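Here the structure is laid out as structure tokens; the discussion comes afterwards.
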């Protein structure tokens, strides 16, 4: 089963899931895993992604692998709302699926909102 490590010590994922933030939200989930467990991590994530894709409010996802031999992966998923992500994450079937991750896997999920930065980023 995957171990969880908060990305922010002051505000955890559980706190964020209680938010009533409007509009789309972005889940960024950093994973670390032992080199021998990379295939198992990706297989478990693929099952999770298929489950999430079928949930109301899901928009898209993308997995990234760090370069240079790093065992770090980053998942970027977009949801219509905190409420839709919360419902999918709390679903008993999803909670069972996360038990399939390799023992060396550590996940650090955190929710974000896209910002507009004039001259650089559109909201």
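Summary of computed values
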read-out: Residue list for region 98-122, restricted to those being out of contact with any strand residue (DSSP E or B) (no Cβ under 9 Å at 6 or more places or on another chain) and either in a loop (DSSP other than H, G, I, E, B) or farther than 17 Å from residue 39 by Cβ (or both); value: 99, 102, 116, 117, 118, 119, 120, 121, 122
read-out: Qualifying residue in region 9-25 (condition: assigned to a strand (DSSP E or B) and in contact with a helix residue (DSSP H, G or I) (Cβ under 8 Å, 6 or more places away or on another chain)); value: yes
read-out: Filter pass, residue 44 being under 18 Å from residue 105 (Cβ atoms), assigned to a helix (DSSP H, G or I), touching a helix residue (DSSP H, G or I) at 6+ places or on another chain (Cβ under 6 Å) and at pLDDT 95 or above; value: yes
read-out: Residues within region 7-30 that are within 19 Å of residue 88 (Cα to Cα), surrounded by 12 or more Cβ atoms within 10 Å (Cβ to Cβ) and touching a residue at least 40 places away in the same chain (Cβ under 8 Å), tallied; value: 12
read-out: Condition met for residue 77 (surrounded by 11 or more Cβ atoms within 10 Å (Cβ to Cβ), in contact with a strand residue (DSSP E or B) (Cβ under 8 Å, 6 or more places away or on another chain), at pLDDT 95 or above and within 18 Å of residue 4 (Cα to Cα)); value: yes
read-out: Some residue of region 63-81 being touching a helix residue (DSSP H, G or I) at 6+ places or on another chain (Cβ under 9 Å) and in a helix (DSSP H, G or I); value: no
read-out: Test result for residue 104, at pLDDT 95 or above, within 17 Å of residue 17 (Cβ to Cβ) and crowded, with 17+ Cβ neighbours inside 10 Å; value: no
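Residues are listed down the side, and each one gets a yes or a no for (1) under 17 Å from residue 43 (Cα atoms); (2) in contact (Cβ under 8 Å) with a residue 12 or more places away in the chain; (3) surrounded by fewer than 17 Cβ atoms within 10 Å (Cβ to Cβ):
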site: 57; (1), (2), (3): no, yes, no
site: 64; (1), (2), (3): yes, yes, yes
site: 83; (1), (2), (3): no, yes, yes
site: 92; (1), (2), (3): no, no, yes
site: 109; (1), (2), (3): no, yes, no
site: 123; (1), (2), (3): no, no, yes
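The values are calculated or read from the model by the stated rules, or taken from the named source; none is laboratory data. Computed from a predicted structure; not experimentally measured. Every residue, glycine among them, receives a Cβ derived from its backbone with ideal geometry; neighbour counts consider all protein chains shown.
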